[in-house]
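Below you'll find the structure, written out as structure tokens, and then a few comments.
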């Protein structure tokens, strides 16, 4: 299998962390590229032109991080990362919140990179307000410790790390000690320590 990726993408990082938590990272070739560069040929493999994208042995290409993670979990990890989400709808709801928070953070980041648009500040503020609301919700539900790591833990660790990386002005963890503890425990794991973003904010 081949994973088309960029090391700074939080969506890609979820896939990479899952593979490392499963101990199966060596079975997937990681191919770093710029998905906006037509010359790479990536658009032919994935017409949506977004990363991550996972190419299977038969040439089938899976897009979207949650779908890729679910597939790899089933094929390489006996379903253990998504099983708690299937067993508890509240856990599944948390996964959806984290994905939505990340989508808002990415939208705000995109808006930050196109200065001069007349509504830029309004759009950024609206998107980041959503990030804060989800962070508050996660603070209320965060456990004191991590047991068996599941997809919610992976998503939270990757998403919050990226939010701090790209939106440091939010200082999102300083007033949320339970969420900060959750993220700290995840960041200390080798799977996250070896997949941290490398570019400057």
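Rule-based calculations on the coordinates, nothing more; no lab input. Please read all numbers here as calculations on a predicted model, not as lab measurements. Here the Cβ is made from the backbone with ideal geometry for all residues, glycine too, and neighbour counts use every protein chain on show.
Run the numbers on segment 2-76 and let me know its relative contact order in percent, using alpha-carbon pairs under 8 Å that are six or more apart.
Here the relative contact order equals 37 percent.
Taking neighbour counts of Cβ atoms within 10 Å as a proxy for exposure, in what order, fewest first, do 148, 27 appear?
148, 27
Using only helices, what value at 222 nm comes out for the chain when you add -39,500 (n - 2.57) per DSSP H run of length 4 or more and divide by the total residues, to the nearest 500 deg cm²/dmol? Mind showing how you got there, number by number?
Working: 9 runs with 111 residues, N = 201.
Roughly -17500 deg cm²/dmol at 222 nm, from the helical runs in the chain.
Determine, for 19, 192, the number of other Cβ atoms within 10 Å of each Cβ, and report the residues in order from fewest to most.
192, 19
Quick check: from the Cα gyration tensor, does the chain come out rounded (a/c under 1.5), prolate or oblate?
oblate
Percent of alpha carbon pairs in segment 2-76 separated by more than 18 Å?
31 percent
Once you sort the root eigenvalues of the Cα gyration tensor of segment 120-180 as a ≥ b ≥ c, which label holds: rounded (a/c under 1.5), prolate (a/b larger than b/c) or oblate (the other case)?
Values: a/c = 2.23, a/b = 1.92, b/c = 1.16.
Prolate shape, in that a/c is at least 1.5 and a/b is the bigger ratio.
Give the percent of DSSP beta bridges with both residues in the chain that are antiparallel, rounded to the nearest 5.
60 percent
For the chain, what relative contact order do you get, as a whole percent, if you take Cα pairs closer than 8 Å and at least 6 residues apart?
Relative CO of the chain lands at 24 percent.
If a/c stays under 1.5 just call it rounded; otherwise compare a/b with b/c (prolate if a/b is bigger, oblate if not). Do that for segment 83-193, with a ≥ b ≥ c from the square roots of the Cα gyration tensor eigenvalues.
Prolate shape, in that a/c is at least 1.5 and a/b is the bigger ratio.
Tell me, what is the percent relative contact order of segment 83-193, built from C-alpha pairs under 8 Å that lie six or more residues apart?
30 percent
Mind jotting down the distance between the C-alpha centroids of segment 135-201 and segment 1-70, whole Å?
Taking the Cα centre of each part, segment 1-70 and segment 135-201 sit 22 Å apart.
So how do 165, 81 line up by other beta-carbon neighbours within 10 Å, fewest first?
165, 81
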